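Worksheet for the structure shown next.
Quick note: the coordinates plus some simple rules give every number you see, no bench work behind them. Given the structure is predicted, the values throughout are model-derived calculations rather than measurements. Don't worry about glycine lacking a Cβ; one is built from the backbone with ideal geometry, like all the others, and counts go over all protein chains shown.
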Amino acid sequence: MTDWLTRPLPLERSRWSFAPGWRTSPDDIIAIGGDLEPATVIAAYRQGVFPMIVETPAPLLAWWSPDPRGIIPLDALRVTRSLRQSAKRYEVRVDTCFAEVIHACANPERESGWITPEFIAAYVRLHELGWAHSIEVFDRAGQLAGGLYGVRINGLFAGESMFYTQRDASKVALMFLVQKMRETGLTLLDVQWCTEHLASLGATEVSRQRYFALLSEALEHPV
């Protein structure tokens, strides 16, 4: 188990690098291949890139830098009165059952599932090293009702996936995450794409170049 503000363990230099000029590529996928070693994944996040499987037609490891990019400004999260009422039914914890959260997010019955066993192993390892974190929502019976996980680097939290089995549980996790980010000095919440669901919660789109500027500020921001 890790702590939110524990300094993550240092990583070796990644043996991979992206091709020159990728920042101006018109494509969201800027590379194929590589590996999911901790140094590789963290080096990618530092550059505004994240890994995700693409089917073409066989599953391939792809590296994404969407343009536009989805983010949630920390002062723009929409918290309704009903959501605040729902939050009272739950207890929220941090980093107490990371593996359970990512396995729930990887449920094969979910539409457009992409979290493979290789991804689970990679992000559990990142959690063990202090780079990945989970927000967990429990009901009054002590059952895991929802949650989310992502990667934190200085002032950046890169959200990867969320799930719920009970009403509003994933929204409560997001509400808690934003509150915790504001309390501890994080500045950038990356949600990759601005889906209709995330937009209803306050997510917005920024250009790739704008995202790079926000990312640079977040990475330089002491926490």
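Tell me the angle of helix 169-184 to the major Cα principal axis of the chain, expressed in degrees between 0 and 90 and rounded to the nearest ten.
70 degrees
With both partners inside the chain, how many of the DSSP beta bridges are antiparallel, as a percent to the nearest 5?
The answer is about 90 percent antiparallel.
Under 9 Å from the Cβ of Gly70, count the other residues' Cβ atoms, weight Lys and Arg +1, Asp and Glu -1, and hand me the total. Present the calculation step by step, with values, prior to reporting the outcome.
On the way: positive: Arg69; negative: Asp190, Glu205.
Summing Lys/Arg as +1 and Asp/Glu as -1 gives -1.
How about the stretch 1-51: which trypsin sites (Lys or Arg not before Pro) there lie in a loop by DSSP and see at most 10 other Cβ atoms within 10 Å?
Arg13
Mind listing P(r) for the chain? All alpha-carbon pairs, 5 Å bins, whole percents.
Spelled out bin by bin, the chain gives 1, 7, 14, 19, 21, 18, 12, 5, 2, 0, 0 percent.
Where in the stretch 1-103 are there GluC sites (Glu not before Pro) that are in a DSSP coil and have at most 14 other Cβ atoms within 10 angstrom of their Cβ?
Sites meeting the loop and neighbour criteria: Glu12.
From the helices alone, meaning DSSP H stretches of at least four residues, give me the mean residue ellipticity at 222 nm for the chain, per-run term -39500 (n - 2.57), in deg cm²/dmol to the nearest 500.
Result for the chain, helices only: -9000 deg cm²/dmol.
Which angle between 0 and 90 degrees, to the nearest 10, do you get for helix 208-220 versus the longest principal axis of the chain when only C-alpha atoms count?
It is inclined by approximately 70 degrees.
State the Kirkwood hydrodynamic radius of the stretch 1-78 in Å, one decimal place, computed from all pairs of distinct Cα atoms.
Over the stretch 1-78, the inverse of the mean reciprocal pair distance is 14.6 Å.
Test of the criteria: in the stretch 122-223, which trypsin sites (Lys or Arg not before Pro) are in a DSSP loop and have at most 11 other Cβ atoms within 10 angstrom of their Cβ?
Filter output for the stretch 122-223: Arg140.
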